[in-house]
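Where a number appears in this text, it was derived from the coordinates with a stated rule and is not lab data. Note that this is a predicted model, so its numbers are computed, not measured. With ideal geometry, Cβ positions are generated from the backbone for all residues, glycine too; neighbour counts draw on all protein chains shown.
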Amino acid sequence: MKIWQSEIDLGIVTERGKNTMSDYLNIEFIEVGDDYLSARMPVDQRTKQPAGIMHGGASCVLAETVGSTAAQFCVDRSRYYCVGLDINTNHVRAMREGYVIGIARPFHLGKSTQVWSIEIRNEEGRLVSVNRLTMAVLQKDQK
């Protein structure tokens, strides 16, 4: 079942992130399906901690970026917008190099909240982290 309220152009979504943290970390949206959105991020000097592995905060940034972007396309954007309420990340595997891919799928798409699952995997498809993102759905000011 298709969950999107409007068409998602991956190039436009990636471009929308220019001059933001997602641009700095080189997050690129790569695939959209009927019920998921995915983006990838390099594991490099910008995303590593001193021990040489991907920083846990970088996982959270990727998860929130792909999940919150997906959330925006599940509402009527002329009337509503979504903001993050909570994120939880469990790290499963360390990454030293390459790319990680975050795939966001909804658990719940309600009128006032959304809950998303974002799995982050390496290029071989091995699980790196599991993330749960809760979004608030807010009404735009009607002036």
Need the full-extension length gain, GLU31 to HIS108, defined as separation in residues times 0.36 nm minus the C-alpha distance. One decimal, nm.
25.6 nm
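For a 31 Å ceiling on Cα separation, which of these pairs sit above it: LYS2/LYS48; LYS18/LYS140; LYS48/LYS140? Present the calculation step by step, with values, prior to reporting the outcome.
Details: LYS2/LYS48 36 Å; LYS18/LYS140 23 Å; LYS48/LYS140 37 Å.
Going by Cα-Cα distance, LYS2/LYS48; LYS48/LYS140 fall outside the 31 Å limit.
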GluC sites (Glu not before Pro) restricted to DSSP loop in region 1-102 with at most 10 other C-beta within 10 Å
GLU7
Starting from the Cα of LEU127, step 7 Å along the direction of its Cβ; do the same at TYR99; then give the gap between the two resulting points in nm.
2.3
Qualifying trypsin sites (Lys or Arg not before Pro) for region 1-66 [loop in DSSP, other Cβ within 10 Å: at most 10]
LYS2, LYS18
Calculated from DSSP H runs of 4 or more alone, at -39500 (n - 2.57) each and per residue, what is the 222 nm mean residue ellipticity of the chain, nearest 500?
-5500 deg cm²/dmol
Expected max-MSF residue from ALA94, ALA63, ALA104 in the GNM of the chain (alpha carbon, under 10 Å) is ALA94
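GLU15 to GLN139: extension gain in nm, 0.36 nm per residue of separation minus the Cα-Cα distance?
Numbers: separation 124, 0.36 × 124 = 44.64 nm, distance 2.49 nm.
Gain in length upon complete extension: 42.2 nm.
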Could you state the number of Å between the C-alpha centres of region 1-39 and region 71-134?
12
Starting at the first residue of region 20-27, write each ³J(HN,Hα) from the Karplus equation 6.51 cos²θ - 1.76 cosθ + 1.60 with θ = phi - 60°, in whole Hz, x for Gly and Pro.
10, 4, 5, 5, 4, 8, 6, 6
Less than 16 Å from a label point 7 Å out along the Cα-to-Cβ axis of ALA51: which backbone N atoms in region 78-120 qualify, by residue?
90-97
Along the principal axes of its C-alpha atoms, what lengths does the chain span, in descending order and rounded to whole Å?
50, 28, 25
